[in-house]
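What follows draws every value from the coordinates through simple rules; no lab data is involved. Just so it is clear, the structure is predicted and the values come from calculations on it, not from any experiment. Glycine also receives a Cβ, built like all others from the backbone with ideal geometry; neighbour counts cover every protein chain displayed.
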Amino acid sequence: MSATACAGRRRRQLLAAAAALLMALGCSGTPVSPSPALAGQFGLLPGNYTLTVYVPRGEAGKNVICVDDNQVPGTASIPVTLVLIDGIYRVTPVGDANIRFQLMLQMSGATTIYGPVLGQARDPETGVVITISPPIDPNYPTQGDAMFSGLLASRTFAAGGVYGSVQFSLDGAARWCNPNNWILRPR
């Protein structure tokens with residue numbers, strides 16, 4: 001046998017032995033599922049949260065415009081439950097906080113979340129009612145839908161902006177401000 005043929009045969013034997021060794025090390029004969037953390041979708045963990053809708057203050061609120069700037073607070077903290085159904089996060093206020101409020105969010109990247117919102121919810125601590133409706137700007141690109149858009153800071157915290165009309169009302173008085181922000185955090 002020639003030296004070239006002998007070297008080729010030896011190389012095939014080494015490759016076959018290496019493949020057999022890797023298979024023996026990698027296959028224990030028992031199927032193993034990936035851990036839930038690796039198998040699950042990256043995003044928010046379902047559970048109980050507080051959704052806070054607020055008018056930015058300080059430096060962030062430099063360009064805020066309010067109509068009827070009265071004593072109605074510009075913050076409402078709503079207890080909500082977040083569930084994941086078919087890739088859509090459904091955020092629902094709990095108990096008396098829910099006044100036909102609907103928020104659906106979905107991931108649009110590793111840390112970006114967005115979705116339509118509509119309806120009313122009540123802050124059980126202060127009594128402030130928020131009403132979120134479509135934007136009133138005729139030049140708004142998605143006329144017809146109020147939207148939440150934001151970023152995940154962790155699997156239990158997201159924050160962003162509200163694109164739409166937000167009214168804060170209390171005891172017959174109301175105010176509208178633009179822009180408005182939101183935070184979703186565990187309770």
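Quote to one decimal, in nm, the extra length available between Met104 and Asp145 on full extension: 0.36 nm per residue of separation minus the C-alpha distance between them.
13.6 nm
In nanometres, what is the gap between the two model label sites at Ser154 and Lys62, each 7 Å from Cα along Cα-to-Cβ?
3.0
Once the range 44-102 is represented by equal point scatterers at the alpha-carbon sites, with solvent omitted, what log10 I(q)/I(0) does the Debye formula produce at q = 0.28, 0.29 Å⁻¹?
Each listed q maps to, in turn, -1.12, -1.16.
What is the extension gain from Asn70 to Arg187, computed as 0.36 nm multiplied by their sequence separation minus the C-alpha to C-alpha distance, in nm to one decimal?
39.2 nm
Cα convex hull of the range 79-136: mean projected area in nm², to one decimal?
Hull-based average projected area comes out at 4.9 nm².
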